[in-house]
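The values are calculated or read from the model by the stated rules, or taken from the named source; none is laboratory data. No experiment lies behind these values; they were computed from the predicted model shown. In this analysis, Cβ positions are derived from the backbone assuming ideal geometry, glycine residues included, and neighbour counts consider all displayed protein chains. Note: accessible area is taken over every heavy atom of the protein model, side chains too, but ligands, DNA and RNA are not part of it. Shrake-Rupley method; radii C 1.70, N 1.55, O 1.52, S 1.80 Å.
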Amino acid sequence: MAPTNKRTKRIRVLPGFKLTLGFTLFYLGLIVIIPLSAVFWETSSLSWHDFWHTITMPIALASYRLTFGASFLAAVVNAVFGFIVAWVLVRYHFFGKKLVDALVDLPFALPTAVAGITLATLYSKAGWIGQWLEPLGIKVANTQIGVFVALTFIGLPFIVRTVQPILEDLDPELEEAAASLGANRWQIFWRVILPMVMPALLTGFALAFARALGEYGSVIFIAGNIPLKTQITPVVIMGELDMFDYAKATAIAEVMLVTSFAMLLSVNVLQWWANRHNTTSLA
Amino acid sequence: MIPVATTLRAAQAQRRSTTEPPVVRRLLIGVALAFLSLFLFMPLISVFLQAFAKGLGFYFTTITDPMAWSAIKLTCIASGIAVPLNCVFGVCAAWTIAKFDFRGKNILLTLIDLPFSVSPVISGLIYVLVFGAQGWLGLYLRADHPWLPWLANWLNDHDIKIIFAVPGIVLATIFVTFPFVARELIPLMQAQGRTEEEAARVLGANGWQTFWRVTLPNIKWGLLYGVILCTARAVGEFGAVSVVSGKIRGQTNTVPLHIEALYDDYNFTGAFAVASLLALLALVTLGLKTWIEHVAVEK
């Protein structure tokens, strides 16, 4: 019996487990884990007092406020308009819909530096959009509004692409059932459709927010990077690096890293919740 | 007669409750298109119009400039190394995760996604901390009694530089494009399961034959999709590369860094001319992406 047993085992288990797992862990360690741990290593050379002093410098505090505020606002605007875009793409027919659908991913595909110089030019005093806003007293280039505009651009696809598949899969019978029970369109939207889409909308919001927190290339050209006013946190890190002050740069980077890991965790929890929510509501 | 009228009215009420009136529909389409015009279409059109603002002659002089060529070459080198490496990694990681059961799989999945949640500037910074003159490598090279003295001597003698040189740019590009292929392939291979590979093995195929003849044909569209996204990001990476490059013109400037240099010199038309190349590549990327999605749906 022994040889047969050995044979069935050999056939059932596919080859390459040790090789692929080994290479995966080696490459992950070499490229991601070891270099990332250097951040925590570097800051461990600072005393707690120095660390705290660095991460609460006025220039750093101002940059956190701007980065978080503008990222949050951009994600809110994207949640509203991204939902409308997803809705229109799923439910209605209009000329050029397929082209529009494909172009929604442009902020993913367009290099951030290209987006940056383009937005800076469009919203400058003489730019296509800037020249109309200038007489109204709205300045975008070199102000905090500029940061918001750039972050809205890069966050746009996240909401559309998380909400769109959920809207497509929404069972029309649910809306018909609500209608036959006497609900009007507005009630159906608020009480039936929105609760079903909410987990996806929140996930998209969190993804757009997280992406905006770390964004650099598309922001720096339009923001003007004025200290205490329009400097986002990555620009502050860059400034410290340019002065070869690695300890300071790393301390601020650690604040950002911990924040984005917390965001990653909450996105995972949200997605888990969304999956559970979907299976229970369809069951 | 009355029942017919009632049914008609009921049907009308039903329609009113399951779709929006035409006015609302047109309004919503209008709002969506206005928002997209402001944030997508206008920037896209403006890149190409600005690029040709000084005519075709200026455009071609700018993009055939030696500095521009050296930037294009460096971008091709960095992407040409980063994309195949991450491709091999992606296939390996997906094979391990989809075809076998082991503890800690979820932790591994999270760790693979990690580079996506790291700011590009920090992605560059970590390599400066490891390989910079003040970093771990610098400490190692200056140590009186280093481990592996021959390695330290060899590095010192050959003046190997990683930061502010090409290897650093390659490493930063690998880091920022790390998860692309893996995250495309893992869900795909998990959904496909392992029965086909097991059948191939039972019929006598060896491991490589199973991979080349069974797995690869099944995952080829997903793999291509991942490679396209990976390439787009590798070519366009700006933040991480700008930290490690040192921005020496003609030597360590990639295409996005060259655009920044032109823009900072107030050569706006030149910057947009080079940017239009990357914008064109982005459009090709979107086209290929849409085509693959179309093909995948038909299968």
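Brief remarks on what is shown
- Both radii were evaluated on the Cα set of the range B:98-143; the Rg over Rh quotient, with Rh as the Kirkwood radius, amounts to 1.23.
- Distance from the range B:104-139 to the range A:91-116 (C-alpha centre basis), Å: 31
- Computed from phi, the 3J(HN,Hα) profile of the range A:23-33 under the Karplus parametrisation 6.51, -1.76, 1.60 (θ = phi - 60°) reads 5, 4, 5, 4, 5, 4, x, 5, 8, 10, 5 Hz, with x in place of Gly and Pro.
- Area of B:Asp65 that stays accessible when all protein chains are in place (1.4 Å probe, Å², to 10): 60
- Rg/Rh, computed from the Cα trace of the range A:48-282 with Rh as the Kirkwood radius, has the value 1.05.
- For the range B:81-174, accessible area per residue (1.4 Å probe, heavy atoms of protein chains only), Å²: 46
- Annotation: average projected area of chain B is 27.2 square nanometres, based on the convex hull of Cα atoms across all directions.
- Vicinal HN-Hα couplings computed from phi for the range A:138-153 (Karplus, 6.51 cos²θ - 1.76 cosθ + 1.60; Hz; Gly/Pro x): 9, 9, 10, 5, 6, 10, 5, 4, x, 4, 4, 4, 5, 6, 5, 4
- Taking every alpha-carbon pair within the protein assembly as shown, the share separated by more than 38 Å comes to 37 percent.
- The distance from the alpha carbon centre of the range B:192-255 to that of the range B:14-67 is 31 Å, rounded to a whole number.
- Modelled this way, with points 7 Å down the Cα-to-C-beta line, the labels at B:Leu38 and A:Ala177 are 3.9 nm from one another.
- Segment B:Glu196-B:Ile248, extension gain: residue separation times 0.36 nm, minus the distance between their alpha carbons: 13.5 nm
- Take the Cα of B:Ile45, step 7 Å toward its Cβ, do the same at B:Arg213, and the gap between the two points is 5.5 nm.
- Both radii come from the Cα set of the range B:225-285: Rg as radius of gyration, Rh as Kirkwood radius; their ratio Rg/Rh reads 1.00.
- A Förster radius of 35 Å, combined with the Cβ-Cβ distance separating A:Met57 from B:Leu109, puts the computed FRET efficiency at roughly 0.45.
- Annotation note: trypsin sites (Lys or Arg not before Pro) in the range A:175-267 located in DSSP loop regions with a Cβ neighbour count of at most 16 within 10 Å are A:Lys229.
- Applying the Karplus relation 6.51 cos²θ - 1.76 cosθ + 1.60 with θ = phi - 60° to the range B:119-129 yields 3J(HN,Hα) values of 4, x, 4, 5, 4, x, 4, 4, 6, 5, 5 Hz, where x marks Gly and Pro.
- Legend: residue pairs B:Lys73/B:Lys289; A:Lys98/B:Lys99; A:Lys97/B:Lys54; B:Lys54/B:Lys289, Cα-Cα distance threshold 29 Å; pairs beyond threshold, A:Lys98/B:Lys99; A:Lys97/B:Lys54; B:Lys54/B:Lys289.
- Over the protein assembly as shown, dividing the summed -39,500 (n - 2.57) contributions of all DSSP H runs of at least 4 residues by the number of residues returns a 222 nm mean residue ellipticity of -24500 deg cm²/dmol.
- Here chain A exposes an accessible surface that is 68 percent carbon and sulfur, computed with a 1.4 Å probe and the other protein chains kept in place.
- Separation of the A:Asp169 and A:Met198 label points, Cα + 7 Å toward Cβ, nm: 1.8
- Once the Cα atoms are used to define both axes, helix B:149-158 deviates from the longest principal axis of chain B by about 80 degrees.
- Per residue accessible area in Å² of the range B:221-299, where ligands, DNA and RNA are left out and the probe is 1.4 Å: 38
- Chymotrypsin sites (Phe, Trp or Tyr not before Pro) within the range A:94-126: DSSP coil, no more than 16 neighbouring Cβ in 10 Å: A:Phe94, A:Phe95
- Sparsely packed loop sites in the range B:61-165 (the trypsin sites (Lys or Arg not before Pro) outside DSSP H, G, I, E and B with at most 13 other Cβ atoms within 10 Å) comprise B:Arg103.
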